[in-house]
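To start, the structure under review is shown below, and the notes come after it.
Values quoted throughout were computed directly from the atomic coordinates according to the rules given, and no laboratory measurement underlies them. Quick caveat, the model's predicted, so the values are computed rather than measured. Quick reminder, even Gly has a Cβ in these numbers, built from the backbone with ideal geometry, and neighbours come from all protein chains shown.
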Amino acid sequence: MQISGNLEEEKRRFAAIFDPEQNFDLQERNLVIGGRDAALYFVTGLTKDSVLERVLEILLLARPKEMKDAQSFLECCVPHCAATLEQEEKAIVTAVLSGLTIILVEGFDAAVVMDLREYPQRTTSEPARDKVLRGSRDGFTETMVLNCALIRRRIRDPRLHVEYLTAGVSSKTDVAICWMEGRADPKLLEDVRRRIKSSNMDSLTMNQESMASLLTGKTRWNPFPKYKFTERPDTTAAQILEGDLAILVDNSPSAIILPATLFAISEDANDYYFPPLTGAYLRLTRLIVMLLTLVMTPLWLLALRYPEYVPQTFHFILLDETPYLHPAIQLLLLEFIIDGLKLSSLSTPETLTTSFSIIGAIVFGNYAVESGWFCSDTLLYMSFVAMANYSQPGYELGYAIKYMRILAVSLTALFGVWGFAVAMAVTLLLILATKSPGTKGYFWPVIPFSAKGIAKLLFRL
């Protein structure tokens, strides 16, 4: 339904929709502008009061000759630069609920929509997850407009496009797609745009995670992530310049980068803030550590199962005494215990975190060995694995490797070499079966093979 120009009728319809008696934050203000009755609608808490007061001061000075129609009123009387006309009632309702300010004037067949929003937000600071060794220390916040500005500040090129969309039938969450014209894959862009527009998801409750599920589909059994998250504007700008898409969701301090490959997800922006040799070393170390976290504990179990094949030089890894619990059971128990300690640390008051960490390390580490539940070797290997998981920039990839490691430990303990081979084959098949929108292949540049891609991966070319 479109705006009719009958102010009293429009006010009755909006009163039925907004129900101001039940919603204290939805405000209606009656005015007289240029000799015409008018109504102002806005949401308390999402509107910048000082700017609204200044706009109203100027509007109340409007003269009747400037009030011929909605267009002349917009051009002559509305001082705010971010102002447009809207005729559709549904779009006007969505605009008010999004925090925009609406003016309805008697006799005008369109409403004036002004963007006077001021979201409650925290200041830009260094991301808690994406730690900065060198480089800019600003990070994304929960306000999408500010996040877009941080990208614009770094890419001052007219080919940079920031497309605005909404997602969620009820939430109508603001979404922005950022890409470089001439560099981004048009098919991927159209596919992402189509998925967002055609989505019947009720709301983006989990913000970027809900958006990622919308774009890539639900993955019930494949733990490997199909997308890359980053809270750093410099990383996002670099990915856009390389031809990737960056998707920003309002209320989320992270950007979704598409397409994503296994090695792209494991990359860290800090590699590029050091000389090429240092950057290549850090990248190679991260890849080696990722491989070690996957195979270290299963290979140790193989060595314990077949000690006759262990070279004399490495006999120190063998156990001198038969433990009370099988080493595989110890490793699996420690996998769950470590995750339990992680979860408990999230709920621990900040003032007690250090004390609890010390107590946990001393008590658990010392008495777990003395009691016979665990041997020192399993604690050593699992300590390395637990810390090495954090070498990966993304939590999702770290947990994917963890699940594959648990599978490898279980099958190796049951079936020996054949179990280890099956676990590695399953891991490789899951990696190859993972499909990220628009990517050449999740395991690229290894499969399909690209010498240039491997050189860039290892040596930061």
Restraint check, K187/K456; K228/K435; K172/K197, Cα-Cα greater than 20 Å
K187/K456
With 10 angstrom as the radius, rank W444, W418, W300, W373 by how many other C-beta atoms surround their C-beta, starting from the fewest.
W418, W373, W444, W300
If you work out semi-axes √(5λ) of the Cα gyration tensor in Å from the coordinates, which of (1) 37, 25, 20; (2) 57, 24, 20; (3) 41, 28, 20 do you get?
(2)
Expressed as a rounded percentage, what relative contact order does segment 215-257 have, with Cα pairs under 8 Å and six or more residues apart?
39
Which net charge results when you count Lys and Arg as +1 and Asp and Glu as -1 among the other residues whose beta-carbon is under 14 Å from that of V417?
0
Total charge dipole magnitude, segment 272-459, about the Cα centre, Cβ charges on Lys, Arg, Asp, Glu only, Debye to nearest 20
1020
Return M424, M114 ranked ascending by Cβ neighbour count within 10 Å, so the fewest neighbours appear first.
M424, M114
Assign unit charges at the C-beta atoms only (+1 for Lys and Arg, -1 for Asp and Glu), then state the dipole size of the chain relative to its Cα centre in Debye, rounded to the nearest 20.
1520
Cα-based Kirkwood hydrodynamic radius, segment 270-357, one decimal, Å:
16.9
Under the definition of Cα pairs under 8 Å and six or more residues apart, what whole-number percent is the relative contact order of the chain?
13
In degrees from 0 to 90, rounded to the nearest 10, what is the angle of the helix 144-154 Cα long axis to the longest principal axis of the chain?
70
Kindly rank 394-405, 81-92, 316-327 from highest to lowest mean number of other beta carbons found within 10 Å of each residue.
394-405, 81-92, 316-327
Pairs K11/K90; K226/K440; K48/K90: which exceed 18 Å Cα-Cα?
K48/K90
Compute the long axis of helix 7-18 from its Cα atoms, compare it with the longest principal axis of the Cα atoms of the chain, and write down the angle in degrees, 0 to 90, nearest 10.
20
Compute the angle between helix 186-197 and the longest alpha-carbon principal axis of the chain, please, reported from 0 to 90 degrees and rounded to the nearest 10.
70
Assertion target for F18, F229, ordered by fewest C-beta neighbours within 10 angstrom first, is F18, F229
Loop only by DSSP, 10 or fewer other Cβ within 10 Å of the Cβ. Give me the trypsin sites (Lys or Arg not before Pro) in segment 162-222 that pass, ordered by residue number.
K218, R220
